[in-house]
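Working notes, structure below.
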Amino acid sequence: MAKMTLQDWAAKRFEANQIFTPSTPISVADLFAGRSEQIFRMIDVIGERGRHAILYGERGVGKTSISQIAPYMVPVGLEHIKFIRVQCFPTDNFSSIARKIFKEVRFNVDTQDGETIYDIAALYPGEITPDDFIRELSAWNENYIPIVVVDEFNEISDPLAPVLMANVIKALSDSATNVTLIIVGVASDVKQLISSHESIERCTEEILMPRMKSDELKDIIEKRVAQLGMTISGDAKWTIINLSKGLPQYVHSLGRQACFEAISKQRLAIKDEDAEVAVQNLLASSDQTFKDAYEVAVRSNQPGNLFRQVLTACALARSDESGYFAPAWIREPLSAIVDKQIDIANFQEHLKQFLTEKRGEILERIGEERAYRFRFRHPAMQPYVIMRGIRESIVDDKAKQALSSPEQGDLFGGN
Ligand SMILES: Nc1ncnc2c1ncn2[C@@H]1O[C@H](COP(=O)(O)OP(=O)(O)OP(=O)(O)O)[C@@H](O)[C@H]1O
Ligand SMILES: [Mg+2]
């Protein structure tokens, strides 16, 4: 291969910046990784008349991405698909959401000056009622597969909106129209998103978006590194995967930083040390809100207090598909961190404190006493806490080594 010029390296960096997208949902099927189970369920919903979907899960797990990709997976020509996606804001109500959707439904009218394109929102200068909405969404030509995604549904503060939306879903289902509504939002269960969801249970598919599995995260990196014509060492890859804790945004940001680092050294091979630099760079460029939240959570005047250690162990502990961990799962990583056998009684108070306003409610809790489950209220804090633990040498070399191996999950109790 001819020697690469500075211009070539700059081009590589430019390309890396385009395909690693830590802050933009995926909209190109080629760059979408994993998620086959959820995709299949969405395709089934789209294919079945009168069925609709509610897609819910933690912040940042990839809900918007999958809702944008699903239409490309429907095995008919794209010209038959009418895809509409709208985004909700706190100020929205049913009528304003309906209006956003109507603005995307266009029709042509022959006028004296030729053909003019209108949207159906123009037909409704006043309030749009559920009846109007049902009528218009039932009016699509049978040759089309209309898919309407209502994203960020959790943002709406009007309590009537979820009730009306449930009624509309029921009515659309009863009339067996060919439109598919997909309601998307951050929630730990469907009830949080649509309070009256029982009324639509039979006609909706409730799809929980879990955190991504290791092999799905691996796919995100490998696809992109290959597209750049680069390679990545096993340790660098697994460090990035294990640090990300199932959150794709981190695979993108750490992956991009590692690429940048290799490119700055004019290498096409990403080495272990590039991943380490990526962690340091990401920490340095992290939002001030992360830094503040961390300090608030662990501050203490008491020498020898264990807040940092316990929080780091919480972040390292294995968790379920929605990020929840049991206190017992913290024991092992915490024992490794403080290098002695630790029992739940030694950190129960810390966990309780992490739930308080005084510590910024860094954790949240569900379940009954003795069966409590905890998780980071903002999922993105979890990888941040691990990275801080690395920088502050709370995570020792042994644990760091564990983070860079594919079996990391097993060392901390499986995942
Ligand atoms: N299947 C995927 N393959 C590759 N990258 C993905 C995938 N899913 C999500 N991502 C990436 O993860 C990040 C979060 O994705 P997305 O915005 O879709 O999540 P979300 O659940 O809608 O987040 P939010 O709750 O903030 O709305 C983005 O950077 C996106 O590019
Ligand atoms: Mg989203």
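The values are calculated or read from the model by the stated rules, or taken from the named source; none is laboratory data. Just so we're clear, the structure is a prediction, and the values are computed from it rather than from any experiment. Quick reminder, even Gly has a Cβ in these numbers, built from the backbone with ideal geometry, and neighbours come from all protein chains shown.
Cβ contacts < 8 Å: first residue farther than 12 Å from residue 82 by Cβ, restricted to the range 127-143; second residue of a type in the set (Ser, Thr, Tyr) and in a loop (DSSP other than H, G, I, E, B), any location; separation 6+ or different chain. Result?
132/124; 134/175; 138/175; 138/177
Among the residues of the range 50-80 satisfying the criterion of being surrounded by fewer than 20 Cβ atoms within 10 Å (Cβ to Cβ) and hydrophobic (A, V, I, L, M, F, W, C), which is nearest to ligand 1 (Cβ to nearest atom)?
My answer is 73.
Could you list, ordered by first residue, the pairs with Cβ atoms under 8 Å in which the first is in the range 171-188 and at pLDDT 95 or above and the second is of a type in the set (Val, Ile, Thr) and part of a loop (DSSP other than H, G, I, E, B), at least 6 apart or interchain?
Qualifying pairs under 8 Å: 183/194.
Sort out for me the strands (runs of 3 or more DSSP E) sitting completely within the range 32-140 that have 2 or more residues that are among the small types (Gly, Ala, Ser) and in the same structural domain as residue 205 (by TED's automatic domain parsing).
Ranges flagged: 52-57.
Which one of 341, 348 is in contact with a helix residue (DSSP H, G or I) (Cβ under 7 Å, 6 or more places away or on another chain), surrounded by fewer than 17 Cβ atoms within 10 Å (Cβ to Cβ) and of a type outside the set (A, V, I, L, M)?
341
Quick one: residue 267 ticks every box in (1) closer than 30 Å to residue 226 by Cβ; (2) touching a strand residue (DSSP E or B) at 6+ places or on another chain (Cβ under 6 Å); (3) not polar (S, T, N, Q) bar one, so which box is it?
(2)
Can you tell me which residue among 184, 225 is farther than 27 Å from residue 45 by Cα, within 16 Å of ligand 1 (Cβ to nearest atom) and among the β-branched types (Val, Ile, Thr)?
225
When the residues of the range 346-394 are filtered to those that are among the hydrophobic types (A, V, I, L, M, F, W, C) and over 22 Å from residue 322 (Cα atoms), which remaining residue is nearest to the chain's Cα centre (by Cα)?
Looking only at the range 346-394, we keep the residues that are among the hydrophobic types (A, V, I, L, M, F, W, C), and these are 347, 351, 354-355, 362-363, 366, 371, 374, 376, 380-381, 385-387, 390, 394.
Next cut, over 22 Å from residue 322 (Cα atoms) only: 347, 390, 394.
Details: 347: 30, 390: 24, 394: 28 Å.
Looking at residues that are among the hydrophobic types (A, V, I, L, M, F, W, C) and over 22 Å from residue 322 (Cα atoms), I get 390.
Grab the helices (runs of 4 or more DSSP H) fully contained in the range 159-248, keeping just those with 1 or more residues being closer than 26 Å to residue 321 by Cα, touching a Pro at 6+ places or on another chain (Cβ under 8 Å) and among the polar types (S, T, N, Q).
214-227, 234-244
Against the condition buried (at least 18 other Cβ atoms within 10 Å of the Cβ), more than 16 Å from ligand 1 (Cβ to nearest atom) and charged (D, E, K, R), how does residue 12 come out, does it pass?
yes
Looking only at residues in the range 206-249 that are surrounded by fewer than 18 Cβ atoms within 10 Å (Cβ to Cβ), charged (D, E, K, R) and touching a residue at least 60 places away in the same chain (Cβ under 8 Å), which one is nearest to residue 63 (Cα to Cα)?
Looking at the filtered set, the residue picked out is 206.
Where residues in the range 280-310 are small (Gly, Ala, Ser) and assigned to a loop (DSSP other than H, G, I, E, B), which of them is nearest to residue 360 (Cα to Cα)?
Narrowing the range 280-310 to residues small (Gly, Ala, Ser): 284-286, 293, 297, 300, 304.
Narrowing further to those that are assigned to a loop (DSSP other than H, G, I, E, B): 285-286, 300, 304.
Details: 285: 22, 286: 18, 300: 14, 304: 21 Å.
The qualifying residue nearest to residue 360 (Cα to Cα) is 300.
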